[in-house]
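The structure appears right after this line, and notes come after that.
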Amino acid sequence: MGKKLSEATVFEGTLNASVFHPREIFRFAIEESANSIVLVHNHPSGDPQPSQEDIRATKQLIEAGNHIGIKVLDHVIIGDGIFVSLKEEGFI
């Protein structure tokens with residue numbers, strides 16, 4: 001297993017929405033010559049269950065990462081004291 005080399009906040013959404021482009025997400029990873037990334041975001045509602053938009057965006061980011069050679073290892077959604085791993089849930 002690898003080790004975490006860097007951490008960065010690369011995008012902040014609003015209270016109930018997040019509109020982003022993959023280039024914003026991968027810019028830091030490219031600058032750091034990353035081989036892989038783990039995506040993490042929170043749900044202010046406290047419920048970490050992934051929305052359809054979370055799943056769609058994750059698949060879009062996986063595809064973009066595959067094109068540029070940066071693997072998305074997981075996407076973790078944090079709630080109120082609990083979290084959901086999209087990898088563990090079978091979405092990745």
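Nothing in this text is a laboratory measurement; each read-out follows from the coordinates by a stated rule. This one's a predicted model, so the numbers in the text were calculated from it and none came from an experiment. Every residue, glycine as well, gets a Cβ built from its backbone with ideal geometry; the counts of neighbours run over all protein chains shown.
Restricting to region 30-52, give me the number of residues that are more than 12 Å from the chain's Cα centre (by Cα) and not hydroxyl-bearing (S, T, Y). Write out each step before concluding.
Step one: of region 30-52, the residues more than 12 Å from the chain's Cα centre (by Cα) are 30-35, 43-49, 51-52.
Then drop every residue that is not not hydroxyl-bearing (S, T, Y), which leaves 30-32, 34-35, 43-44, 46-49, 52.
Within region 30-52, residues that are more than 12 Å from the chain's Cα centre (by Cα) and not hydroxyl-bearing (S, T, Y) number 12.
I'm checking my understanding of the structure. Among residues of region 74-92 that are in a loop (DSSP other than H, G, I, E, B) and farther than 11 Å from L39 by Cβ, which one is nearest to the chain's Cα centre (by Cα)?
Within region 74-92, the match that is nearest to the chain's Cα centre (by Cα) is F91.
Tell me whether region 62-72 contains one or more residues that are surrounded by fewer than 12 Cβ atoms within 10 Å (Cβ to Cβ) and in a loop (DSSP other than H, G, I, E, B).
yes
Residue-by-condition table, conditions (1) in a helix (DSSP H, G or I); (2) closer than 21 Å to S6 by Cβ:
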| residue | (1), (2) |
| --- | --- |
| R23 | yes, yes |
| V38 | no, yes |
| S45 | no, no |
| E53 | yes, no |
